[in-house]
Amino acid sequence: MSNSQTLTVDHDSRPVCFSTRFFRLIRQREAGLLLLISLTSVVVGIHDVRFFSVDVWRDILVRCAPTAIVACGVMLVVVTGEIDISVGSLMALLAAVMGRMLSEQEFDISCWIGIPVTLGLGTLIGVFTGSLVSMGRVPSIIVTLGLLTALRGLTTLMMGGKNIDRLPEGLTQVAKQGFLGVPISILAAAGVIGLTSVLIHHIPLGRRLYALGSSAESARMAGLSEVRLKLFAFGYTGFLTALATIVDVPRLPKIESGIGSEFELLVVTCVVVGGVAISGGQGRLIGVLLAVVLMTMIRPALTFMDIGEAGEKWTRAIQGMFILLAVVSDSLFSWRQRHSGKVHAA
Amino acid sequence: MPDTGGGRSYAWWHETVIAVLLVIVLQFAGWLVPGFLKLQSQLLLSRQLWEFAILALGMTLIIITGGIDLSVGSTMGLSAVVFGGVHSSSGSLMAASLACLATGLCCGAVNGALVSRLRLHPLIVTLATFAAYRGIAEGWSQGHSYSRFGDAFSDLARGSWLGVPLPGAIFVLMATGFAVFLSKTPYGRFLYAIGHNERAAKFSGISVNRIRFWLYTTSGLLAGLASLIYVARFDTAQADVGKGFELDVITAVVLGGTSIYGGRGTIPGTMLGLLLIHETRLLVSRYWGSDELRSIVIGCLLIVAVLACQLVSRKRRS
Amino acid sequence: MNRFVCFCLASLAIALAVPGCTNNSPSRTAETSGENSKAPAGSRKIRVALLPKIKGISYFSSCYKGAEEAANELGIELIYDGPTDGDPRKQAEMIEQWTIDGVDVICVAPNAPDVVAGAMKEARAAGIAVITWDADGTNESRSFFVNQASAQSIGEGLVNAMLKDLGPATEGDVVIISADATSANQNAWIETMKPALARSKLKLATIKYPGENASNALADGRDVISKYPDLKGIFGISTVSFPGAAEAVEQSGKSGQVLVTGLSTPNDMKKFVHTGTVRSVVLWNTVDLGYLTIHVAKALATREIKDGTTTIKAGRLGEKSIVGDNVMLGDIMVFTKDNIDQFDF
């Protein structure tokens, strides 16, 4: 951030107004992602038309939901020039806490208490991370790296080698069947996306986050409180992680300590592939959401391609290639990106 | 904002704090676990350290320039699989070892090319190759594990020579080389310049891109070497070799006082960081015997140590 | 130069601290040397280290329950630790640490036999008794194997359970949902399942590798159900993929049409057995496995058994036979709706 080049905010990076036309919204990165998504679905669809069934896409969207929810928060963190790689372990911890509180075999507390407590705990841990970053001045990658290992260990310790089963019937029913036919996680994701988008485009707070990421120096001179903004970004991420845990985990057969493993990498990958600049100050929500869809649809797409037993073992390689493609294509074709990509250090 | 160690006289504060922590941990361990500090057992258990240590050398240089390499673990996996594949088809350990190193070199070169030619952020590039290399290793080997390379080969990593483990000797030689390179040669100083201010470095005539390219290539080569030692130590080459190493290595380097923002860091510091993590791990697993506690302690140690160093250096400066 | 002086002082402090510590506690060092010399355990407690493949999953926790019971009975000091991520290399490193600590017996459940073989041989060379349990290691790396089931019997047991539930004449597709592509145990089971499936009329459509990730296992289960209309059964062969597959079948509303079977502790699968999604759960008595392992360890430490012994007295389990160097626990068990509620582990 001490770099002089980041001081020049180019106009494209500013959050775009709602009134802007669709094609202005979909720019380079988004167009590329959209192209990749549609190409993949067409290829898979030609191979097996069942891929286009409503059920399959409904399920893909359900899987997208937790990633999308958390990505909204992590995106804001990255926009301020920080990073959060602890969300996977945080999810596991929150799932364990929630499970132990609500499960009929454990404390059997009412959902009306358990859920707010989970949300509160998530927010609290987020704020704690934020305070270490903003007040303690420990680089965010270090804080969250430490939390990534520590929280995972804590979760395993807390679970004591057992799985948590039998969450309240109501909670699992809502998570699986949804509300009026729409899965609850999709509703939650829609809400969070709406909220985040309003935050970015219509509330001064959102623009301040971008301002801080573009140049901490000028933001400070303009009288913005770096501490408060970062506390908000991390707290928001913690809150959203708790929300994602609440809507997604009851869908799973049981709560075990491995929940959310590699989730943090998935989220960061989506944010990065979605075109959010790692050095802060740039990035659009729509790109991140498209990236979430792309990254989530690779697994089902491969299943429908029927790539066979040997092919299945290439799954991770194909995922890696998609990431590489999304990241590289963009910089190959756009001169602008190449130009601003020079600045490495955040 | 980024703590780039402006006041030179306080540049070693971080290392001092870590050294003090290390002494405390060692004292504590010697008190809790009988025989913990015996030289013989320390040397024997040190074999758990060398792969990390070798990776940490390359990582230190990269982080000093403000970059990061998340793909080292996956590079190890791919190199290991190539080693196994070549060995099973040719039967020659020499050819397999060379192929292993070459694979590491190539993986690193791809990272380097993407970072320096396309000017992508290293975090993005290596996040992508992190998934890609591991995936290629899994697909190419079909999850198969290659094994039984002969006792002579595994003795290279498990045995010791005049009381000194061979990988340890390699590491010490390399660490000396890296330390001299970093502090005594102009190219070493260029790394700091790049980390401090890349634009200024570029305008003062440093070929930033070429240096970047070679850094990532070196890191890849080191990953190949680490993979070779790792394969020899466990007599098994499989695609999951080196899983999770990248984060452990970054932890050690950062703990050793290298600034994640670039421009600051030393090889002796990294060695201290490595030792601190290694000894803490040994202490926790030998005294409490609990793997989950180990990750909690390491995670907290990282945060607390860096926080303490921040506080100490800030107080000194003001 | 100032900074360098600082650094040198710190290094000096470490150099001073190391010998300083060793001299600090003479009584303790004496204790260790006493432990390192392998006098037959008589006056002091026998120390047994029990190493699971993965620590913190319900399967091994139930083994530990049995092991603890035996340890209390026999007055043994039991150390239970293992990698929480199931990395066999970490297993090897733990064996190395126990070797230096000088425990009496190490019981290993190798996640990958070749990886831990080196460390196990070193432990034996240091005079520590090494046995394997749950899964066998390489021959020269251990003295006894507490055998509950071989890869062969597990793989065939799974296929047989599926055939029994579906009816032997059923035609159609089956899918295996494994763990990672590199998981040694799962790959060994798959190798024995393939010929068994080839003999039946079922066709193995594909194998999925969701890793140890519950969301991916659930997702893969959902996908294969929509992809293969003729799907008759799913094998979930890891502790994560079995419930994941069962849950996927229930969420797709195919309970009863697509059958799921796999390896799991009964407690984890009870709810799916009662809804009829799962008709058979294949496993053995894990509590007894842990119990027997500790008895074998004790017998070995007190030289009660050696090469050629054919029986061992194992507390409440009575007498167990030893075939070659395998201590036999008994056959694999199939839990069904009728008997699953009798078991609590």
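Points worth noting:
- Answer residue from region B:48-60, given it is open to solvent by 10 Å² or more (accessible area, probe 1.4 Å) and of a type outside the set (Phe, Trp, Tyr) and is nearest to the other protein chains (Cβ to nearest Cβ) among those: B:Gln48
- Some residue of region A:111-129 being of a type in the set (A, V, I, L, M) and not in a helix (DSSP H, G or I): no
- Residue list for region B:283-293, restricted to those being facing chain A (nearest Cβ under 9 Å) and open to solvent by 30 Å² or more (accessible area, probe 1.4 Å): B:Leu293
Conditions tested, residue by residue: (1) aromatic (Phe, Trp, Tyr); (2) open to solvent by less than 20 Å² (accessible area, probe 1.4 Å); (3) more than 11 Å from chain A (Cβ to nearest Cβ); (4) within 30 Å of C:Thr99 (Cα to Cα).
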site: B:Thr218; (1), (2), (3), (4): no, no, yes, no
site: B:Gly242; (1), (2), (3), (4): no, yes, yes, yes
site: B:Phe245; (1), (2), (3), (4): yes, yes, yes, yes
site: B:Arg281; (1), (2), (3), (4): no, no, yes, yes
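Okay, residues lined up against (1) among the acidic types (Asp, Glu); (2) closer than 26 Å to B:Leu105 by Cα; (3) in contact with a Leu (Cβ under 7 Å, 6 or more places away or on another chain):
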{"residue": "B:Asp235", "(1), (2), (3)": "yes, yes, no"}
{"residue": "B:Val241", "(1), (2), (3)": "no, yes, no"}
{"residue": "B:Ile277", "(1), (2), (3)": "no, no, yes"}
{"residue": "B:Thr280", "(1), (2), (3)": "no, no, yes"}
{"residue": "B:Trp288", "(1), (2), (3)": "no, no, no"}
{"residue": "B:Gly299", "(1), (2), (3)": "no, no, yes"}
{"residue": "B:Arg314", "(1), (2), (3)": "no, no, no"}
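- Boolean, C:Glu247 is assigned by TED's automatic domain parsing to the domain that holds C:Asp180, without any contact (Cβ under 8 Å) to a residue 40 or more places away in the chain and closer than 25 Å to A:Val62 by Cα: yes
- C:Pro110 being away from chain A (no Cβ under 14 Å) and either crowded, with 24+ Cβ neighbours inside 10 Å or among the hydroxyl-bearing types (Ser, Thr, Tyr) (or both): yes
- Selection of region A:146-167 for residues being at the interface with chain B (Cβ under 7 Å from one of its Cβ atoms) and of a type in the set (D, E, K, R) yields only A:Arg152.
- Residues considered: A:Val44, A:Val87, A:Val54. Of these, the only one that is within 14 Å of chain C (Cβ to nearest Cβ) and at pLDDT below 90 is A:Val54.
- Only a single criterion out of (1) of a type in the set (Val, Ile, Thr); (2) open to solvent by 20 Å² or more (accessible area, probe 1.4 Å); (3) within 20 Å of A:Leu94 (Cβ to Cβ) is not satisfied by A:Ile307, namely (3).
- From the list B:Ala132, B:Ala128, B:Ala113, the one residue that fits, being open to solvent by 30 Å² or more (accessible area, probe 1.4 Å), within 27 Å of A:Cys270 (Cα to Cα) and within 14 Å of chain A (Cβ to nearest Cβ), is B:Ala113.
- Against the conditions (1) touching a residue at least 40 places away in the same chain (Cβ under 8 Å); (2) closer than 29 Å to B:Arg119 by Cβ; (3) within 14 Å of chain B (Cβ to nearest Cβ), A:Val293 satisfies every one except (3).
- Residue satisfying all of: in region A:265-290; open to solvent by 20 Å² or more (accessible area, probe 1.4 Å) and within 14 Å of chain C (Cβ to nearest Cβ); nearest to A:Trp57 (Cα to Cα) among these: A:Leu266
- Residues of region B:247-256 satisfying the condition of being crowded, with 24+ Cβ neighbours inside 10 Å and within 14 Å of chain C (Cβ to nearest Cβ): B:Gly256
- A:Ile318 vs. criteria closer than 30 Å to A:Val42 by Cα and more than 17 Å from the chain's Cα centre (by Cα): yes
- Subset of region C:61-82 that is part of a helix (DSSP H, G or I) and open to solvent by 10 Å² or more (accessible area, probe 1.4 Å) - its residue that is farthest from C:Asn267 (Cα to Cα): C:Leu74
- Summed over region C:174-190, the residues that are touching a helix residue (DSSP H, G or I) at 6+ places or on another chain (Cβ under 9 Å), open to solvent by 10 Å² or more (accessible area, probe 1.4 Å) and under 12 Å from A:Glu309 (Cβ atoms) give a count of 0.
- Strands (runs of 3 or more DSSP E) lying entirely in region C:163-246 (those with 2 or more residues that are away from every other protein chain (no Cβ under 13 Å)): C:231-236
- Test: residue in region A:173-192 that is within 11 Å of another protein chain (Cβ to nearest Cβ), surrounded by fewer than 20 Cβ atoms within 10 Å (Cβ to Cβ) and assigned to a helix (DSSP H, G or I): yes
- When residues of region A:199-216 are limited to those that are of a type in the set (Gly, Ala, Ser) and assigned to a helix (DSSP H, G or I), the one surrounded by the fewest Cβ atoms within 10 Å (Cβ to Cβ): A:Gly206
- For region A:239-256, the set of residues classified as open to solvent by less than 20 Å² (accessible area, probe 1.4 Å) and within 16 Å of A:Ser86 (Cβ to Cβ) consists of A:Leu240, A:Thr241, A:Ala242, A:Ala244, A:Thr245, listed by residue number.
- Scan of region C:247-258 for residues that are in a strand (DSSP E or B) and crowded, with 24+ Cβ neighbours inside 10 Å, ordered by number: C:Val258
- Answer residue from region B:79-97, given it is among the aliphatic types (A, V, I, L, M) and open to solvent by less than 20 Å² (accessible area, probe 1.4 Å) and is farthest from B:Gly220 (Cα to Cα) among those: B:Ala96
Residue by residue, here is whether (1) part of a helix (DSSP H, G or I); (2) within 20 Å of B:Asp235 (Cα to Cα) holds:
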{"position": "B:Ala132", "(1), (2)": "yes, no"}
{"position": "B:Ile136", "(1), (2)": "yes, no"}
{"position": "B:Gly143", "(1), (2)": "no, yes"}
{"position": "B:Ala152", "(1), (2)": "yes, yes"}
{"position": "B:Pro167", "(1), (2)": "yes, yes"}
{"position": "B:Thr176", "(1), (2)": "yes, no"}
{"position": "B:Ser183", "(1), (2)": "yes, no"}
{"position": "B:Lys202", "(1), (2)": "yes, no"}
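- Verdict on B:Ala175 being small (Gly, Ala, Ser), closer than 17 Å to B:Gly262 by Cα and crowded, with 19+ Cβ neighbours inside 10 Å: no
- When we screen A:Val143, A:Val117, A:Val79 for residues that are more than 12 Å from every other protein chain (Cβ to nearest Cβ) and open to solvent by less than 10 Å² (accessible area, probe 1.4 Å), the only hit is A:Val79.
- Contacts under 6 angstrom Cβ, first residue in region B:76-90 being more than 12 Å from B:Ile136 (Cα to Cα), partner open to solvent by 20 Å² or more (accessible area, probe 1.4 Å), 6 or more apart: B:Gly84/B:Tyr146; B:Val86/B:Ala95; B:Val86/B:Ala99; B:Ser88/B:Tyr146
- Hey, C:Arg279 of a type outside the set (Ser, Thr, Tyr) and part of a strand (DSSP E or B) or not: yes
- Criterion (more than 23 Å from C:Gly155 (Cα to Cα) and either at pLDDT 90 or above or open to solvent by 20 Å² or more (accessible area, probe 1.4 Å) (or both)) met by exactly one of C:Thr310, C:Thr239: C:Thr310
The values are calculated or read from the model by the stated rules, or taken from the named source; none is laboratory data. Computed from a predicted structure; not experimentally measured. Cβ coordinates were reconstructed from backbone atoms using ideal geometry, including for glycine residues, and neighbour counts include every protein chain displayed. Ligands, DNA and RNA are excluded from the accessible area calculation, which covers all protein heavy atoms including side chains. Shrake-Rupley method; radii C 1.70, N 1.55, O 1.52, S 1.80 Å.
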